[in-house]
Every structure is written in structure tokens, then in C-alpha cells.
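The values are calculated or read from the model by the stated rules, or taken from the named source; none is laboratory data. Here the structure is a predicted model, which means the values were calculated and not measured. Every residue, glycine among them, receives a Cβ derived from its backbone with ideal geometry; neighbour counts consider all protein chains shown. Ligands, DNA and RNA are stripped out before the accessible areas are found, and what is left, the full protein with its side chains, is counted by its heavy atoms. Shrake-Rupley method; radii C 1.70, N 1.55, O 1.52, S 1.80 Å.
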Amino acid sequence: MSVFLRHLEERFEIRKQILDDVQCNSSERDGVEARKNTKILHLQLRETEHLSEKLSQTVTDLTTVLYLKEAELQYCQSRVSQYRQEARTLAKGKNTLKVTLSEFEFIIECQSKELATLRAEQEGLKETLTQARREKDELLQRWMEEKREEADRVNKNNDAEERWQRLAKQLKKHLQQQEKEKPLLVDTSH
């Protein structure tokens, strides 16, 4: 942009120098033609000045736009830098998450194996429990049977004892009656 401005300034300087040269030459010449040339050169000078002002304004506008663009570029560069930093942070976070994920996958794998082992043990324990319950039921059945048999024996023994006791009472009674009758018989035989 500054090259363009320098180029315009050089053109302006050249035109101004030409105008000065023409004015010098025309002052040496007399007459109308010199005035004509002076007016033309004056007009050209005004046109050049107008163009120069226009170009100067354009340069000012372009400079303003350039500053704005530079500020925007700096802002964009700072955003890019910020995004790069965020990207680095996210990449580190990603790596940390990958490591954590790997650890969790390993833990899950170990727990799955442990769960399979525990399930197998549980199945074994269920079978053992079922067998123990079956054995308990069988043992309880035998015990109940033995207790019934023992109760039957006790009942039979009690029945037999009761019969013996009744029989013994009857015999004792009978014996007592005989003893009572015997003395009477003894008395009569005398």
C-alpha cells in the first residue's frame, strides 16, 4: 500500500515539476498561448491535486482498513492460539481418558473373569446345598422313622409293663384273697 502511495506522490511531484517548468517557459514567452498553456497546466495541476487528495483519502481509508484488518488478524491469531491451547488441553485430556478407559476395560475384564469364577462357585455351592438338603431330608426321614420305631417300642414296653402291673395287681389281690381264705381253712382244720 505504501508503494502505491509513493508511486502517486512521485507522479504528483513529476507533474508539479512539469507545471513549474512550463510556467517558467511560458513566462519567457509572451502572449495568449502562454496563458492558455498555463491555464491547461493549472487545470491539470488542480486535477492532479484533486486526484492527489482523492488518493490521499483513499490511502487514509485503506490505511484504516489495513489497521482494522491487522487488528482483526491479531484477534484471529490470538483466537487461533487460544484454540491451539484448547486443542492441546483436549488432546491431553483425551490421552488421560484413553488411559483411564484402558484401566477400566482391564478392571471390567478382571471383574468379568472373577464374576464367571464366582458364578461357577455359586453353581457348585447350589449343587452342594441341594445335596445337603437332600441328605438332611433323608436323615430327617430316618430319624423320624427311628423315633417312630422307638416310640412304638416304648409304647409296646409301656403296654407290656402296664399288663404286668395289672397282672401283678391281680395276682397280689388274688394272693391276698387266698391268704385271707387260708387262715380260715387253718382254723377249721383244728
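Regarding region 118-127, can at least one residue be identified that is part of a helix (DSSP H, G or I) and touching a helix residue (DSSP H, G or I) at 6+ places or on another chain (Cβ under 8 Å)? No, the conditions are met nowhere in region 118-127.
Contact map, region 40-59: residues that are surrounded by 14 or more Cβ atoms within 10 Å (Cβ to Cβ) paired with residues that are among the acidic types (Asp, Glu), Cβ distance under 9 Å, separation 6+ or inter-chain. Pairs shown: Ser52/Glu9; Leu55/Glu9. Mind checking which pairs have a first residue in region 65-85 that is at pLDDT below 95 and a second that is open to solvent by 70 Å² or more (accessible area, probe 1.4 Å) and not basic (Lys, Arg), Cβ under 8 Å, 6 or more apart or different chains? If the second residue must be open to solvent by 70 Å² or more (accessible area, probe 1.4 Å) and not basic (Lys, Arg), the pairs left are Leu66/Met1.
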